[in-house]
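> Have a look at this one.
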Amino acid sequence: MAGEDEHEKAAPVITPPLSPGERPTLKTISRITGLAIATVSRALSDAPDISVETKKRVRECADHIGYQPNRAGQRLRTGKTHVVSLLMPTEPDIMSHTAQLISSVAEGLQGTPYHLVVTPYAPNEDLMRPLRHMISTGSADAVILNQTLPEDPRVAYLMERGFPFATHGRTIWSDRHAWFDFDNRRFAEIGIAALARRGRRHVLVIAPPLDQLYGQDIFAGVTETCQHHGMTPIWLKSATSDSPSTAIEADVSAALKEAPEIDAILCASPMSAITAIDAAERLGRVIGVDFDAFAKEATPLLTRFRREALSLHEDVAKAGIALACAALQAVEDPNGPPMSGLDVPQYLDPLDHLPDHAPNLSPGNG
């Protein structure tokens, strides 16, 4: 009986050294924990009749001795790979959210039998290729997508096949699938209001690509809030916040020469902000005097570069954990309502140490 096996030997998890050449197996964990092999196997498979305490003890032992389950055998027994795949574009930007998102998704899977596999793809690669390969090979139980498009073909493909997934960002079908998103429209509203408070009137906007939903949200937030404050938005002509720094620098320099009245910069990423500030300073502009810059970032790097810069925190760790939970729920309860969440940012303006009083504009759905 599983309940009896669970308590037959309550030996503490004190790991003796493995014999030379010994490979960690279920039998090894059984010997160390004093639990039956069947109990160990069911604990690692997250069986509902095994206590949380026993599961924790078994997984700690497995991690300590370096046990790795036989994926092929596991799949034959359960029909699951216990893998969640995170599809991420390869990015040279060392200050991108990529590393933090990966680590937080992995954190969200801790204590479960699921493991994270990161599947990278090149920025110009066919979005569908890595996804089709994953589905055709059955190499994961669920997938997490990043940088969503309004009518994302990957989302349509997964919904059509009933494959479990969650998206970092929304789509036009957000009522039908799991997602977690940062309120980028609210970020734009807060940023423009903060710049207006400093008397700025002509803002250069370095936005994400407008084919992505969060780019459209930022566009809508900037446009409406600039109208409210009587400001003029000036959009970078060819580069986006995802462009290489050389392209952003060239575009910002050209914009500042073309429109010397620019006295503010709003950026959707810390790297684009640092590049833009550097470009402005090379032209003799002084941040905090001739212009102000506002950006969002996951870690406080921008203000270390220039303490006069203004930044809004984006909690990527919260997003990763939420996406992991949403993906697991999509696997375990495919007929239940999909999980979703919107992280609405708060901003404490150092100018007056009071919460931001931007106009109460409702978040857009893209």
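The values are calculated or read from the model by the stated rules, or taken from the named source; none is laboratory data. Treat the numbers as computed from the prediction; the structure is a model and nothing was measured. Note that we place each Cβ from the backbone using ideal geometry, even for glycine, and neighbour counts take in every protein chain shown. Please note that ligands, DNA and RNA were not included when accessible areas were found on the heavy atoms of the full protein model with its side chains. Shrake-Rupley method; radii C 1.70, N 1.55, O 1.52, S 1.80 Å.
> So is Leu361 modelled with pLDDT under 90 and either open to solvent by 80 Å² or more (accessible area, probe 1.4 Å) or of a type in the set (Phe, Trp, Tyr) (or both) or not?
no
> Another question, if that's okay. Sort through Val83, Val52 and tell me the only one that's open to solvent by 70 Å² or more (accessible area, probe 1.4 Å), at pLDDT 80 or above and under 28 Å from Ile32 (Cβ atoms).
Exactly one residue qualifies, and that residue is Val52.
> Now for a separate question. Can you pull out every residue in segment 39-49 that is part of a helix (DSSP H, G or I) and surrounded by fewer than 20 Cβ atoms within 10 Å (Cβ to Cβ)?
Result: Ser41, single match.
> Out of curiosity, is Thr98 of a type in the set (S, T, N, Q) and open to solvent by 10 Å² or more (accessible area, probe 1.4 Å)?
Yes; evaluated as a whole, the condition is true for this residue.
> So, one more: Taking Val105 as meeting all but one of (1) at pLDDT 85 or above; (2) closer than 20 Å to Cys325 by Cα; (3) open to solvent by 10 Å² or more (accessible area, probe 1.4 Å); (4) not in a loop (DSSP other than H, G, I, E, B), write down the number of the exception.
(3)
> Glu314 fails exactly one of the following numbered conditions: (1) at pLDDT below 95; (2) surrounded by fewer than 22 Cβ atoms within 10 Å (Cβ to Cβ); (3) not hydrophobic (A, V, I, L, M, F, W, C). What is the number of that condition?
(2) is the only condition that Glu314 fails.
> Return the total of residues in segment 194-229 being part of a loop (DSSP other than H, G, I, E, B), closer than 17 Å to Asp292 by Cα and open to solvent by 50 Å² or more (accessible area, probe 1.4 Å).
2
> Would you mention how many residues in segment 136-160 are crowded, with 17+ Cβ neighbours inside 10 Å and over 20 Å from Gly215 (Cα atoms)?
Residues in segment 136-160 being crowded, with 17+ Cβ neighbours inside 10 Å and over 20 Å from Gly215 (Cα atoms): 5 in total.
> Shifting gears a bit: Return the total of residues in segment 306-335 being in contact (Cβ under 8 Å) with a residue 24 or more places away in the chain and over 30 Å from Leu351 (Cα atoms).
Total satisfying the criteria: 13.
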